[in-house]
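The values are calculated or read from the model by the stated rules, or taken from the named source; none is laboratory data. Bear in mind the structure is a predicted one, so any value in this text is a computation, not a measurement. No Cβ is skipped: glycine too gets one built from the backbone with ideal geometry, and neighbour counts run over all protein chains shown.
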Amino acid sequence: MGFRLSGLVFWFVFGLVSSASASCVNPFFDHAPRPAQNLNQLMQKAERGNRQAQFQLGIAYESGVGAERNYAEAVRWYRKAADAGESGAQNNLGSMYVRGLGVAQSDSEAVKWYMRAATEGHPAAENNLGFMYARGRTGANSGPNPTEAVKWYLRAAASKYAPAEFNLGWTYFNDKGAMQDFAEAVKWFRKAAEHGSAAAENELGYAYEHGRGVTRDFRTAVKWYETAAQHGSAEAQRNLSVLTVMR
């Protein structure tokens, strides 16, 4: 029996590229933020109202790359850029509220900022909004809403955004009601794997190991687990070890 991933994946943005967080606390940088060559110069631009400079300052203060880590300062500069219409900053500000970094934790504030960025077509924000609907974190007394989650995941997936493709696969694979569709899940895991998701590669291994949405095939399961492990998936490495022992 293979190990299972803990659930949907929450994503946020650093710089002009998207990054992932395996949890809502510890950021994992797919592409490390670029250190500002001249922080004072960047600060001057930001203070003059340059929203890209404000966004980059927020990134520097959140990540601790190019500046001493300071979540309150990260929030301050994200907010300035977000108020000026920078969708990446709006998304990141929402993620600060989700994690309670530099601000009091607030799902409602997070959803507000995700929605602003998502309506501008920002894939990470669309995915994050889907995550909030999936977890039932969109308002007081709200429960999980997989239908609304899928709507937002699909919008992000239209941009070939691997985190949303993975979350679609996860939703179809693990839903306990009418939405469960293993074949549809495998389709989305394949798309996410094509776009570099090690988590999706691991899930394809699990699908082949257990015959969910595909014909059971241990050799193919091993292939996907090995690929995912090579791309850094600890779950895949454990699954591979268990499968090897069982055989």
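Please identify the pairs in which a residue from region 67-82 that is under 12 Å from LEU101 (Cβ atoms) has its Cβ atom under 6 Å from the Cβ atom of a residue that is of a type in the set (Ser, Thr, Tyr) and modelled with pLDDT under 95, counting only partners at least 6 apart or on another chain.
Hits for this filter: ASN70/TYR61; GLU73/TYR61; ALA74/TYR61.
I'm trying to understand the selection: among the residues of region 71-128, which are over 21 Å from TYR161 (Cβ atoms), assigned to a helix (DSSP H, G or I) and small (Gly, Ala, Ser)?
Passing the criteria: ALA72, ALA74, ALA81, SER108.
Tell me whether region 175-183 contains one or more residues that are more than 14 Å from the chain's Cα centre (by Cα), at pLDDT below 95, assigned to a loop (DSSP other than H, G, I, E, B) and charged (D, E, K, R).
Yes.
Only one of SER142, SER106, SER63, SER95 is among the hydroxyl-bearing types (Ser, Thr, Tyr), closer than 30 Å to GLN180 by Cα and touching a Phe, Trp or Tyr at 6+ places or on another chain (Cβ under 8 Å). Can you tell me which?
Residue meeting the stated conditions: SER95.
From the set of residues in region 197-213 that are surrounded by 22 or more Cβ atoms within 10 Å (Cβ to Cβ) and touching a residue at least 40 places away in the same chain (Cβ under 8 Å), which is farthest from LYS160 (Cα to Cα)?
Per the stated criteria, the residue is GLU209.
Does ALA236 fit the bill of being crowded, with 23+ Cβ neighbours inside 10 Å and either modelled with pLDDT under 95 or not β-branched (Val, Ile, Thr) (or both)?
yes
With respect to LEU168, is the statement that it is hydrophobic (A, V, I, L, M, F, W, C), at pLDDT 95 or above and either outside any loop (DSSP other than H, G, I, E, B) or in the same structural domain as TYR133 (by TED's automatic domain parsing) (or both) true?
yes
Counting only residues that are within 16 Å of TRP170 (Cα to Cα), give me the helices (runs of 4 or more DSSP H) lying completely in region 193-247 with at least 2 of them.
The helices (runs of 4 or more DSSP H) meeting that bar are 198-210, 234-246.
Residue-by-condition table, conditions (1) modelled with pLDDT of 95 or more; (2) assigned by TED's automatic domain parsing to the domain that holds ARG48; (3) out of contact with any helix residue (DSSP H, G or I) (no Cβ under 9 Å at 6 or more places or on another chain); (4) hydroxyl-bearing (Ser, Thr, Tyr):
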| site | (1), (2), (3), (4) |
| --- | --- |
| TRP77 | yes, yes, no, no |
| ALA81 | yes, yes, no, no |
| GLY85 | yes, yes, no, no |
| VAL103 | yes, yes, no, no |
| TRP113 | yes, yes, no, no |
| THR119 | yes, yes, no, yes |
| PRO123 | no, yes, no, no |
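Can you tell me which residues in region 41-67 are of a type in the set (Gly, Ala, Ser) and surrounded by 17 or more Cβ atoms within 10 Å (Cβ to Cβ)?
Within region 41-67, ALA46, ALA53, GLY58, ALA60, SER63, GLY66, ALA67 meet the criteria.
When you scan region 201-208, do you find a residue that is under 24 Å from LEU129 (Cβ atoms) and not hydroxyl-bearing (Ser, Thr, Tyr), even just one?
Looking for residues that are under 24 Å from LEU129 (Cβ atoms) and not hydroxyl-bearing (Ser, Thr, Tyr), one finds at least one in region 201-208, hence yes.
Hey, among ASN128, ASN70, which residue is in the same structural domain as ARG48 (by TED's automatic domain parsing) and either crowded, with 22+ Cβ neighbours inside 10 Å or on the phi > 0 side of the Ramachandran plot (or both)?
Going through ASN128, ASN70 in turn, the sole match is ASN128.
Here's a check for you: in region 87-104, which residue that is free of Cβ contacts under 8 Å to residues at least 60 places away in the same chain and of a type in the set (A, V, I, L, M, F, W, C) is farthest from GLU68 (Cα to Cα)?
ALA104
From the list GLU126, GLU194, GLU120, GLU109, pick out the single residue that is over 30 Å from ALA46 (Cβ atoms) and free of Cβ contacts under 8 Å to residues at least 60 places away in the same chain.
GLU194
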